[in-house]
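Report on the structure given below.
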Amino acid sequence: MPKDKIDGIQLFCLMVLFMFGTAVFLDLGSGARQDAWIVTILSPIAELAIFAVYYRLYRQHPDLPLTEYVKKILGKYLGSLISYMYIIYFIYLASRVLRDVEELLISSPYAKTSIITLGICMVFALIYAVHLGFEVFARAGIICFAVMTVTL
């Protein structure tokens, strides 16, 4: 099976889309009240720092997935534990985001549709995107990023 490759710009676009997408669901800076603007300024800076770390690690180990080069860097046992925790964390995030989107859609535009039906439709759309490959998903992300920047 051929390996999908994306470049740094595609990864950046996907990360920015993720950041703006989750900002809709999460109440960032709600506890800060009048200082919430600080969260809005600092969160992209923190995301760029995380992006820089991921990109540097990718450049050092271009042929290995993240879960494999963590094992190479931290050793077999600690690396395996970190890789396992990383996978579990992203499964949790994916399920939480799916549920949040379902709840948002049920609250107004699809009020009479069952939440299970919406979830199944979204999961099938994601399965189709995975079938097409991550490169296609990343290219679609660039288009969405361009549309988002033009409309903002």
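The values are calculated or read from the model by the stated rules, or taken from the named source; none is laboratory data. Note that this is a predicted model, so its numbers are computed, not measured. Note: ideal-geometry Cβ built from the backbone for every residue, glycine included; neighbour counts use all protein chains shown. In case anyone asks, the SASA skips ligands and DNA or RNA and just uses the protein heavy atoms, side chains included. Shrake-Rupley method; radii C 1.70, N 1.55, O 1.52, S 1.80 Å.
Key figures for this structure:
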read-out: Where a label projected 7 Å from the Cα of E68 along Cα→Cβ would reach, residues of the range 2-21 with amide N under 20 Å; value: 2-8
read-out: Of [x] 1.20; [y] 1.09; [z] 0.91, the label for Cα Rg over 2.2 N^0.38 Å derived from the coordinates; value: [x]
read-out: Heavy-atom accessible surface of the chain: percent carbon and sulfur, 1.4 Å; value: 72 percent
read-out: Relative contact order (%) - the chain, alpha-carbon pairs under 8 angstrom, separation at least six; value: 35 percent
read-out: Gained length - Y86 relative to I116, 0.36 nm times residue gap less alpha-carbon distance; value: 8.1 nm
read-out: Ordering of 7-19, 53-65 by packing [mean C-beta count within 10 Å, highest first]; value: 7-19, 53-65
